[in-house]
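Here is the structure we will look at.
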Amino acid sequence: MADSFLDIATGRSTKAYWFFIPYMFVAPAAVFTDYVWLDHIGWAMTLVMGFFILITGVVTLNEARASKSWPQTIAKLKSASLGYRSGSKGGLLYYPVVKVEFKVDGQTYSGTEYDFSASAEQKYKAEQKLQEIKQTHPLWVYYNPKDPAMNVIHPGVTLVHFIRLILGLGIMVIVPLSWLGIIQYS
């Protein structure tokens, strides 16, 4: 089945890599070389990237809003641990890694989303989330009635949704202004 434009734009399709991988090479090359044609390609690709970020912001914001009214069901906690990644300042950032299983209409689904923030934070905050999950009995999961594979333990909007909107809009305003020479870089 062909991937939809929204799946590609939001990065939910592997076809998105056909854009992102070349962009990783074109953007720096455009910045560090004097080829005008490469600058134009770089600006055009950055504009598309801004559009993708904006679309992701809109789609995920709508999903997060809707998740508050999704049906709930009891889930079984399969695992809960602490994940980590390097932060921008060299330290480590932590996030809860959870796996739950639940049934909808006799079919078993799994879930891994604590919330829709996709954020990492200080260790003690992530540990608090893990303890909350481990101590919650019964553990309820909210699931998308159209696609129960999309589910979350803590539904609703988070800061990341607004950051995506602002970043996408910012890129879509700054890129044309820069490309037209209204904003100049030395």
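The values are calculated or read from the model by the stated rules, or taken from the named source; none is laboratory data. Computed from a prediction, not measured in an experiment: that's the story for all the values here. All Cβ positions, glycine included, derive from the backbone under ideal geometry; neighbour counts span all protein chains shown.
For this structure, a couple of remarks:
- Boolean, TYR142 is in a loop (DSSP other than H, G, I, E, B) and surrounded by 16 or more Cβ atoms within 10 Å (Cβ to Cβ): no
- Residue identified as surrounded by 14 or more Cβ atoms within 10 Å (Cβ to Cβ), outside the structural domain of ASP147 (by TED's automatic domain parsing) and hydroxyl-bearing (Ser, Thr, Tyr) among THR14, THR10, THR33: THR10
- Number of the exception - GLY168 against (1) over 20 Å from PHE52 (Cβ atoms); (2) touching a residue at least 60 places away in the same chain (Cβ under 8 Å): (1)
- Residues in the range 121-171 that are within 16 Å of the chain's Cα centre (by Cα) and among the aromatic types (Phe, Trp, Tyr): 1 in all.
- Reported count of residues in the range 24-37, each being farther than 15 Å from TYR185 by Cβ and either in a helix (DSSP H, G or I) or at pLDDT below 90 (or both), is 5.
- A single member of ARG65, ARG85 is modelled with pLDDT of 95 or more and under 30 Å from ILE174 (Cβ atoms), and it is ARG65.
- Residue satisfying all of: in the range 62-87; part of a strand (DSSP E or B) and either small (Gly, Ala, Ser) or out of contact with any strand residue (DSSP E or B) (no Cβ under 7 Å at 6 or more places or on another chain) (or both); surrounded by the most Cβ atoms within 10 Å (Cβ to Cβ) among these: ALA75
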